[in-house]
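S.K.: Got a structure for you, questions after.
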Amino acid sequence: GAMNNLDMWTGMAAGGLGAFGAAQLAQQAYDSAKQGAILERQQATFREFAKRMGQDANAIVAAVRRASNATMTDFDAMGLASQVLASKFSEGSANIAGDLETVTAFSRRASQIYVDKQTGQALNVQEVFSRMVGYAREGNKELVDQFNITNVAVAEAMNVPVEAFSGADGAALRWQGLIKVLNSELERLGPAAMTTADRFEQSAARIETAKQ
């Protein structure tokens, strides 16, 4: 009687939960496949984009991830690289992968030292990187002045007057000079330390990369 009824309800509940669990797994599999398809299309687009720019997509991604100490996924690396590849100032660069490695390495080091002057909040690698790209593209020195980077220093690195930045090739000159200044700053500051935050980011990047 009572035990049989209990067994029946237990079995129905278990069956219901089993069906619910199966539905969840099916949804997760669908979502994962959909996300994988989106990422694959984005990766294919980036590869084609890099190819049109005469660049090796794999070398670029490897350079950025190496400079980030594996705290970024391939997808993160492509996002940073696209900012540069889409800018005309990069067209004259002899080594885009090397440039990206330098800017990423400096951005990682700077994120351990500096905070946003306006908010007092910590800066992440992507934010510092975007400021470097913005400076090269627009010439807005306020984006980089807190990082000990000045127009004078960048101009001296290229052996040109600051006024040269106002010309048609100004952005390309700024980018090339910026790379030289950042390499000097990296020598002065020393390599980025491995922090607890980095370890968390490395773990997160490994998980995301496995999903991709």
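The values are calculated or read from the model by the stated rules, or taken from the named source; none is laboratory data. Just so it is clear, the model here is predicted, and its values are computed rather than measured. Using ideal geometry, Cβ is built from the backbone for each residue, glycine included, and neighbour counts are taken over all protein chains shown.
S.K.: Identify the single condition in (1) touching a residue at least 12 places away in the same chain (Cβ under 8 Å); (2) out of contact with any Leu (no Cβ under 9 Å at 6 or more places or on another chain); (3) not in a helix (DSSP H, G or I) that Ala168 does not satisfy, given that it satisfies every other one.
M.R.: (1)
S.K.: While we're here: Quick one: in segment 103-155, which of the residues that are farther than 19 Å from Glu187 by Cβ and of a type in the set (Lys, Arg) is surrounded by the fewest Cβ atoms within 10 Å (Cβ to Cβ)?
M.R.: Restricting to residues being farther than 19 Å from Glu187 by Cβ and of a type in the set (Lys, Arg), the top hit is Lys117.
S.K.: Looking at segment 179-195, which of its residues are in contact (Cβ under 8 Å) with a residue 60 or more places away in the chain, surrounded by 12 or more Cβ atoms within 10 Å (Cβ to Cβ) and among the aliphatic types (A, V, I, L, M)?
M.R.: Scanning segment 179-195 gives Ile179, Leu182, Leu186, Leu189, Ala192.
S.K.: From Gln121, Gln146, grab the single residue that is over 16 Å from the mean Cα position of the chain (by Cα), within 30 Å of Leu39 (Cβ to Cβ) and among the polar types (S, T, N, Q). Before the answer, list the steps.
M.R.: Values: Gln146 fails: within 30 Å of Leu39 (Cβ to Cβ).
None of the other options fit; the residue is Gln121.
S.K.: Can you confirm whether Gln118 is in a helix (DSSP H, G or I) and modelled with pLDDT under 95? Give the steps one after another, and end with the answer.
M.R.: Numbers: in a helix (DSSP H, G or I): no; modelled with pLDDT under 95: yes.
Criteria not met by Gln118.
S.K.: Inside segment 74-102, can you point out the residues that are within 8 Å of the chain's Cα centre (by Cα) and either buried (at least 20 other Cβ atoms within 10 Å of the Cβ) or not in a helix (DSSP H, G or I) (or both)?
M.R.: So the first thing to find is which residues in segment 74-102 are within 8 Å of the chain's Cα centre (by Cα), and the list is 75-81.
Within segment 74-102, Asp76, Ala77, Met78, Leu80, Ala81 qualify.
S.K.: Let me spell it out: the conditions are (1) modelled with pLDDT of 95 or more; (2) part of a helix (DSSP H, G or I), and Val160 meets all of them except one. Which number is the exception?
M.R.: For Val160, the failing item is (2).
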